[in-house]
Amino acid sequence: MLISEVKAGMVLARDIVDDRGNLLLEQGIALTEYYITRLKQMGLSSIPIYDPYASELKKNTIVAPEAREELNYCFRSLFNKKSHEIVNSGLNTVYIKQVQLAAGQIIDETEKKIAHIVNVQVRQPTEDEIGHAVNVCLMAVATGLYIKLPRPVLMDLALGALFHDLGKSVVPTLNGPASDQGRLHPIYGQQLLLKNKIGSIAARIASEHHERYDGQGYPSGLAGKEIHPLSRLVAIANYFDNAMTAASATGAPRHTIAEEMLKNGNTQFDLYLLRAFFHTTPLYPVGSLVRLTTSQLAYVVKNKVRFAATPTVEIAEQTRLGGLTATGHVIDLALKPNIAIADVIAE
């Protein structure tokens, strides 16, 4: 939840730790004005708040939290080597096999829920590379199923999406911390995936996910159909996830993300794939807490295909103890053109 919206009495949903891993506040603690002020002084823009109603709305997920955490663990284990060790000895084949197995399970679970995918928890808010990779994979696979890609192609898509930023782990260090000033991580990722026999298509996705449909991308300046269709799809999911993360940090309106991306159809993105992507990916996931232009708080309770910016919401009110409660007053924003979502308070 945006820290500007946090009230005394609200309960912390997860531990808060500093950059060194030191525990600052423990999960389950009821926040006081003093704690809130100190967290603001530390520069935190949002903190995890326990909201039982939102949690109930978010229960319908693509992968169980345990499965997502297992996938995160595999990634951390794969990349927990120094760059030269990865280059020289390769990736741990045990963890690669676990990731491949997880990719198959992701496809299976997504396929079961594709008919109502806009109301399923697919993307999770994250600021780390591992969570980003999982988000890109899940969103790309959902779109791949929507356009009816065959199973072997979906596996290539899932693996390419999961490993699309692998090259960042081996980009050479220049004058301090690792950077990618030469924008070379797609090439390093391609080489690493080929070396570890993860698949030529997955390697191509890694090498092409920053190419643009108009030829203005990198590293090779490919254009249109020179770019593999799966690379074009991962490019869309990658951009969207990064844009959503940035919007959460800055408070930028979500609807402008879709508008800007669609405006760049057939310049930056493949327009056909972009439209399919927004048929499966909501701007406001079910369970999000938003502020309306009427200044009311509301929970997103339902999304509809082709109406990404206008979900159905339920008005929320603050309780005397500082929490929130749903009022039962439901509004379909698609039928109320004078009411819109102004801000996302918590996702």
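The values are calculated or read from the model by the stated rules, or taken from the named source; none is laboratory data. Note that this is a predicted model, so its numbers are computed, not measured. Using ideal geometry, Cβ is built from the backbone for each residue, glycine included, and neighbour counts are taken over all protein chains shown. These accessible areas exclude ligands, DNA and RNA; they are computed on the full protein's heavy atoms, side chains included. Shrake-Rupley method; radii C 1.70, N 1.55, O 1.52, S 1.80 Å.
Computed quantities for the displayed model
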quantity	calculated
Of the DSSP H helices in the chain, those whose Cα atoms cover at least 18 Å axially and whose Kyte score averages 1.0 or more	129-146
Cross-link pairs beyond the 22 Å C-alpha cut-off, checked among Lys97/Lys195; Lys113/Lys168; Lys59/Lys113	Lys113/Lys168
Rg in Å to one decimal, and Dmax rounded to a whole Å, for the range 230-276 via C-alpha atoms	10.6, 31
Heavy-atom surface of the range 98-160, accessible at 1.4 Å and reported per residue (Å²)	39
For the range 16-56, accessible area per residue (1.4 Å probe, heavy atoms of protein chains only), Å²	71
Rounded accessible area per residue of the range 270-310, 1.4 Å, Å²	37
Heavy-atom accessible area ranking, 1.4 Å probe, most first, across Asp332, Asp15	Asp15, Asp332
Reported label for calculated semi-axes √(5λ) of the Cα gyration tensor in Å given (i) 37, 22, 19; (ii) 33, 22, 19; (iii) 35, 25, 19	(iii)
Residue order for Arg76, Arg68 - accessible surface, 1.4 angstrom probe, largest first	Arg76, Arg68
The chain, accessible surface, carbon-and-sulfur percent (1.4 angstrom probe)	52
Hits among aspartates and glutamates - C-alpha to C-alpha of Lys304 under 13 Å, sequence gap 8 or more where chains match	Asp332
Relative contact order (%) - criterion: Cα under 8 Å, at least six apart; region: the chain	15
Relative contact order [Cα under 8 Å, 6+ residues apart], the range 1-85, whole percent	30
Calculated [θ] (222 nm, deg cm²/dmol) that DSSP helices of n ≥ 4 give over the chain, each run adding -39,500 (n - 2.57)	-13500 deg cm²/dmol
Cα gyration tensor, the range 1-75 - rounded (a/c under 1.5), prolate or oblate	oblate
Net dipole in debye of the chain [+1 Lys, Arg Cβ; -1 Asp, Glu Cβ; about Cα centre; nearest 20]	560
